[in-house]
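Visitor: Before I ask anything, here is the structure I am working with.
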Amino acid sequence: MKNKFALTVAILLTSPALFAIDHTGTILETMNSGGYTYAKIKEKQKEYWVAGSNTAVKVGDVVSFSEQMNMPSFNSKTLNRTFDNLMFVGGITHGNQVAGSPAVKLHSKISAPIADVSPISKVEDGYTVAELFSKKAELKDKVVKVRGKVVKVSDGIMNSNWIHIQDGTGSAGTNDIIFRANTATANVGDVVIASGTLVTDQDFGYGYKYDVIVENASFDLNR
């Protein structure tokens, strides 16, 4: 059953039709957890929950997004909550975007998130995910490395690959770090040693705004 589910997800996520459904609505509720922004949306007379990459939004904002897939009875362990149905979206953007515009059509491939990660030992001369956030001032513009598990992969966004790494440290907002690469990528479930330059206060537009992110990333499988 598990393999069948994984195959179904893979087919859904690589289907061209997956990126054809655009939405615009008003945020009724919102929260961030585990590297994602969750938002309850009102679109015309319909209300539903969506999840996308961490985005600075608030109740009352009008936002647009491209539907990726729907997950019935989705359980978020970081929120300790089960959603009757959760729509995963290709980035949440502010305003009423025109269907098919670059601000909505960002993802060429997006992975489904995996469950919370058990603690992983810190690599020698490296840092934990939580430390990248707590020590961001002293680590700014320095090369850092982390041993962790790949929990989400979004390739081909703004000509970059965005790899989410967790190692079991930190809490909501500090337990997931993005390593952004020009060409390098990894697979969900891989335990890797990820390296790159830590930068802070980055705003890429289209709702992609981060207090901490690691640029020019590379990934070595932890064997």
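Visitor: In the stretch 129-221, what percentage of the DSSP-assigned beta bridges are antiparallel, given to the nearest 5?
Guide: 95
Visitor: Apply the Karplus curve 6.51 cos²θ - 1.76 cosθ + 1.60, θ = phi - 60°, to the phi angles in the stretch 22-38 and return the couplings in whole Hz, x for Gly and Pro.
Guide: The phi angles translate into 9, 9, 9, x, 10, 7, 9, 8, 7, 7, 10, 6, x, x, 10, 9, 9 Hz.
Visitor: If you don't mind, there's one more thing I want to ask. Using a 10 Å cut-off on Cβ atoms, rank the peptides 216-222, 32-38 from the highest mean neighbour count down.
Guide: Put in order of decreasing packing, that is 32-38, 216-222.
Visitor: Does the stretch 129-221 come out rounded, prolate or oblate, given a ≥ b ≥ c as the square roots of the eigenvalues of its C-alpha gyration tensor, rounded meaning a/c under 1.5 and, failing that, prolate meaning a/b above b/c?
Guide: Because its axes are fairly even, with a/c under 1.5, the stretch 129-221 counts as rounded.
Visitor: Cross-link list Lys77/Lys135; Lys46/Lys77; Lys40/Lys122: which exceed 32 angstrom alpha carbon to alpha carbon?
Guide: Where the Cα-Cα span goes over 32 Å, the pairs concerned are Lys40/Lys122.
Visitor: Less than 12 Å Cβ to Cβ from Lys145, Lys/Arg counted +1 and Asp/Glu -1: what total charge do the surrounding residues give?
Guide: Net charge around Lys145: -2.
Visitor: Further question: Going by average Cβ density within 10 Å per residue, which order do the peptides 59-70, 130-141, 167-178 take, highest to lowest?
Guide: The peptides rank, most packed first, as 167-178, 59-70, 130-141.
Quick note: the coordinates plus some simple rules give every number you see, no bench work behind them. Because the structure is predicted, anything quoted here is derived from the model rather than measured. Cβ atoms come from the backbone with ideal geometry, glycine included; neighbour counts cover every protein chain shown.
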